[in-house]
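Visitor: Can you keep this structure in mind? I'll have questions shortly.
The values are calculated or read from the model by the stated rules, or taken from the named source; none is laboratory data. None of these values were measured; they are calculated from a predicted model. Cβ atoms come from the backbone with ideal geometry, glycine included; neighbour counts cover every protein chain shown.
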Amino acid sequence: MASSPDDVAAAEARKFAIAVSACWAKNVGDALIGVYLLGSLAHGGFSRRYSDIDIGVVAESGLDAAMLGAMRQMAGEVSAEHAAKLSIFWTNRSFSAGRFPPLDRLDLIDRHVALVERQYVGLPRPMLGDIRAYLVGAPMANWRKAIDAFAAADALAPKDRKSYLRAHLYPARFIFSFMTGAMTSNDDAVAYLARFAPVGLDVDLIRRALAIRLAAADPDELFPERTALPQQFAACAALVAESATEQP
């Protein structure tokens with residue numbers, strides 16, 4: 001059976017990640033404890049057009065700006081095309097610094113793919129309360145900020161297509177993680193809405209966004225639907241408010 005375009009792209013992205021991690025291991029040295037594939041390359045659902053290449057890095061004392069800059073430069077030398085999609089999640093041995101949010105820690109615990117591992121550093125599993133506290137902070141605020149920006153826009157710029165499609169898909173990811181305390185692919189998160197969707201959520205709109213992602217198509221046809229995004233946010237906000245009144 002012939003591989004799909006997304007499968008081919010995922011295989012190329014993994015080759016890039018393997019080459020980059022080997023380069024980092026050689027140049028960063030013993031300070032590097034582990035390098036891991038995360039996200040859709042680890043748990044499935046990679047999109048040739050819309051997915052990032054998520055890599056987690058655990059270093060003895062974390063990474064400073066100079067080290068991160070050097071690592072990104074090395075990645076660009078391996079492949080400028082793939083380096084443009086690279087997203088680095090990093091922390092220190094104790095997971096007390098850097099950029100490694102709770103959901104990505106779950107990915108590391110449950111479904112990571114080790115690229116370099118001089119030592120596996122165990123970490124406590126984030127609980128449902130940890131996940132919820134994280135989601136209602138920066139992720140929800142950033143989603144609202146994106147919604148407001150798109151609502152004020154007269155047209156969808158090509159550079160904003162990826163973030164616009166994500167704004168439509170985010171409710172599924174948010175609801176799945178908020179309710180289950182777990183992380184999954186866009187496909188599975190949207191499927192979860194068939195079992196649970198808060199009142200007021202337009203599930204069909206989210207399914208339309210997923211179909212565009214699966215086809216690696218432009219989301220321009222959804223641009224008129226930007227006016228529906230505040231209602232999607234309101235449905236998620238109501239879910240958060242309702243959960244706050246639940247008895248333990």
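Visitor: When the residues of region 1-32 are narrowed to those that are of a type in the set (S, T, N, Q) and in contact (Cβ under 8 Å) with a residue 24 or more places away in the chain, which ends up surrounded by the fewest Cβ atoms within 10 Å (Cβ to Cβ)?
Guide: Ranking the candidates gives ASN27 first.
One line per residue, one yes/no per condition, for (1) assigned by TED's automatic domain parsing to the domain that holds ALA209; (2) touching a Gly at 6+ places or on another chain (Cβ under 6 Å); (3) among the hydrophobic types (A, V, I, L, M, F, W, C):
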site: LEU32; (1), (2), (3): no, no, yes
site: SER51; (1), (2), (3): no, no, no
site: LEU86; (1), (2), (3): no, no, yes
site: ARG105; (1), (2), (3): no, no, no
site: GLY137; (1), (2), (3): yes, no, no
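Visitor: Tally the residues that are out of contact with any helix residue (DSSP H, G or I) (no Cβ under 6 Å at 6 or more places or on another chain) and either within 16 Å of TYR36 (Cα to Cα) or of a type in the set (A, V, I, L, M) (or both), restricting the search to region 65-84.
Guide: Result for region 65-84: 8.
Visitor: While we're on this one: Can you name the strands (runs of 3 or more DSSP E) wholly within region 45-155 that have at least 1 residues being among the hydrophobic types (A, V, I, L, M, F, W, C) and surrounded by fewer than 16 Cβ atoms within 10 Å (Cβ to Cβ)? Can you show your working first?
Guide: Numbers: elements: 53-59, 86-91, 113-117.
Where strands (runs of 3 or more DSSP E) fall fully within region 45-155 and carry at least 1 residues being among the hydrophobic types (A, V, I, L, M, F, W, C) and surrounded by fewer than 16 Cβ atoms within 10 Å (Cβ to Cβ), they are 113-117.
Visitor: Restricting region 122-165 to residues that are touching a residue at least 40 places away in the same chain (Cβ under 8 Å) and among the basic types (Lys, Arg), which is nearest to VAL58 (Cα to Cα)?
Guide: In this case the residue turns out to be ARG132.
Visitor: What number of residues within region 187-238 satisfy the criterion of being within 24 Å of GLY39 (Cβ to Cβ), in contact (Cβ under 8 Å) with a residue 60 or more places away in the chain and in a helix (DSSP H, G or I)?
Guide: The number of residues fulfilling the criteria is 8.
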